[in-house]
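Here the structure comes first, spelled out in structure tokens, and everything after it is commentary.
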Amino acid sequence: MKFLRFIPVLAVTFCVPVLSRAEVADGIKAVVNDRAITYAEVEDFARDAANALRMQFASQPDVFQQKLNGLLNDSLEQLVERQLILHSFDTEGYKLPESVIDNVVQERIHEQFGDRVTLMKTLQAKGMTLEQFRKQIRDQYIASALRNQNVQREVIISPTKVVNYYEGHQDNFKLEDQVKMRMIVLSKTSADDTNAIKFAREIKAKIKEGATFTDMATVYSQGSQQHQGGDWGWVERSVLRKELGDVAFVLPTGQASDPIDTADAVYLMFVEDKKPAHAKPLADVRNDIEKTLRTQQQALLQKQWIDGLKKKTFIRYF
């Protein structure tokens, strides 16, 4: 659904709402034009993220409080931005058919609640009315649509910008020394288990006699890559535990290692190829760079757009 722009209003009246002391004490965090944003709204907006932080930093109350304060500040700014956008919608002559909101509401009910009965029970538990729910969806839809129109429009990233970013951020694309390897894993029942090391020596003997490492891994390995012939693909030293990395990066290409005995398992390794440390080729990271540059450009457009709205709208923080 595209917005149809009618004749914009010629002037915006900036009116400051009269707030009683009771209202301020009750937790008003900001006023955008004549719309107050309360602390309760900020808390509700941040609730899911706050719960995630509470779980993540359960044992670090000071860190949790610091992160929570930052989250609440960010949430307040997002709500302020939403009100700026809604104010822009009201004052710049946009129109939105109510039938569009009707359809969006029905889709939301179907996706989130399944049916209207469940919706009403959920709203009742939250202390919300159906009209408040509808208004919430309408505000979200308008904010998203105007944001798409003003910010999410297609941004063209030139090949020159991609190359310049690649050359200026080489550290982001560096890879360590790598080996392309296969591995056979034989689990031990205990640290004193000697059966696994004996079995590994038998497998190594079969490989020396002409059996392929891939076949031996497919038949005998107890590792997660068993059905891929023990194939780990290209790996860096940091991916491997030290006992394995120390062997893999000195093992000659095309040769199977001796059994590597650790506390929980015995390993046999086979290195198929090696690569020295290098930067990923531009062709491999071009899409990622374009996404990064597009995100940066859209963030700049977002800031410019919101800054422009702020200049035309009364805002006060408490």
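Is the stretch 68-139 best put as rounded, prolate or oblate by its Cα gyration tensor, with a ≥ b ≥ c the root eigenvalues, rounded for a/c under 1.5, and otherwise prolate when a/b is larger than b/c, oblate when not? Oblate, since a/c reaches 1.5 and b/c is not below a/b.
Summed over qualifying helices (DSSP H, 4 residues or more, each -39500 (n - 2.57)) and divided by its residue number, the chain shows a 222 nm mean residue ellipticity of -17000 deg cm²/dmol. The apolar share of the surface of the stretch 147-302, taken as the fraction of accessible area on carbon and sulfur atoms (1.4 Å probe, ligands and nucleic acids excluded), comes to 49 percent. Note on Cα extents along the principal axes in Å: of the candidates (i) 89, 51, 41; (ii) 79, 44, 39; (iii) 94, 41, 41, the value calculated from this structure sits at (i). Projecting the Cα positions of Ile85, Asn73, Leu300 onto the charge dipole of the chain (unit charges on Cβ atoms of Lys, Arg, Asp and Glu, taken about the Cα centre) puts Ile85 furthest along the positive direction. Amide H contacts for Lys274 (H built 1.01 Å from N in the peptide plane; partners 5 or more residues away or on another chain; cut-off under 5 Å): Lys180. With just the Cα atoms defining each centre, how far is the stretch 102-164 from the stretch 195-261? Give it in Å. The stretch 102-164 and the stretch 195-261 have Cα centres spaced 52 Å from each other.
The magnitude of the dipole of the chain, with charges of +1 and -1 set on the Cβ of Lys/Arg and Asp/Glu and taken from the Cα centre, is near 880 debye.
Peptide packing for 175-183, 142-150 was compared via the average number of neighbouring C-beta atoms within 10 Å per residue; ordered from the highest value, the list is 175-183, 142-150. Relative to the current alpha-carbon distance between Phe314 and Val250, full extension at 0.36 nm per residue lengthens the span by 16.3 nm. Proximity of backbone amide H atoms, modeled 1.01 Å from N, is registered between Lys188 and Ala265, Val266 at under 5 Å, excluding neighbours fewer than 5 places apart on the same chain.
Sorting the segments 311-318, 218-225 by their mean number of nearby beta carbons within 10 angstrom, highest to lowest, gives 218-225, 311-318. Here the calculated FRET efficiency for Gln136 and Arg241, from their Cβ-Cβ distance with R0 = 41 Å, stands at 0.20, rounded to the nearest 0.05. Per residue, the chain exposes 62 Å² of solvent-accessible protein surface, assessed with a 1.4 angstrom probe and all protein chains in place.
Ordered from highest to lowest accessible area with the whole protein assembly present and a 1.4 Å probe, Lys242, Lys95, Lys204 read as Lys242, Lys95, Lys204. Only bridges whose two residues both fall in the chain count here: according to DSSP, what percent of them are antiparallel, nearest 5? For the chain, the DSSP antiparallel bridge percentage is about 100. Peptides 229-235, 187-193, ordered by how many other C-beta atoms sit within 10 Å of their residues on average, highest first, read 229-235, 187-193. Name the residue farthest towards the positive end of the dipole of the stretch 155-310 from the options Pro281, Val155, Phe270, assuming +1 on Cβ of Lys and Arg, -1 on Cβ of Asp and Glu, about the Cα centre. Selected residue: Val155.
The relative contact order of the chain, computed from alpha carbon pairs under 8 Å that lie at least 6 residues apart in sequence, is 23 percent. Magnitude of the charge dipole for the stretch 166-318, about its Cα centre and with charges confined to Cβ atoms of Lys, Arg (+1) and Asp, Glu (-1), is about 1080 debye.
The values are calculated or read from the model by the stated rules, or taken from the named source; none is laboratory data. Not measured: the values here are computed from a predicted model. Positions of Cβ are generated from backbone atoms using ideal geometry, with glycine treated the same way; all protein chains shown enter the neighbour counts. The protein model used for the area step is the full one, side chains on, heavy atoms only, and it has no ligands, DNA or RNA in it. Shrake-Rupley method; radii C 1.70, N 1.55, O 1.52, S 1.80 Å.
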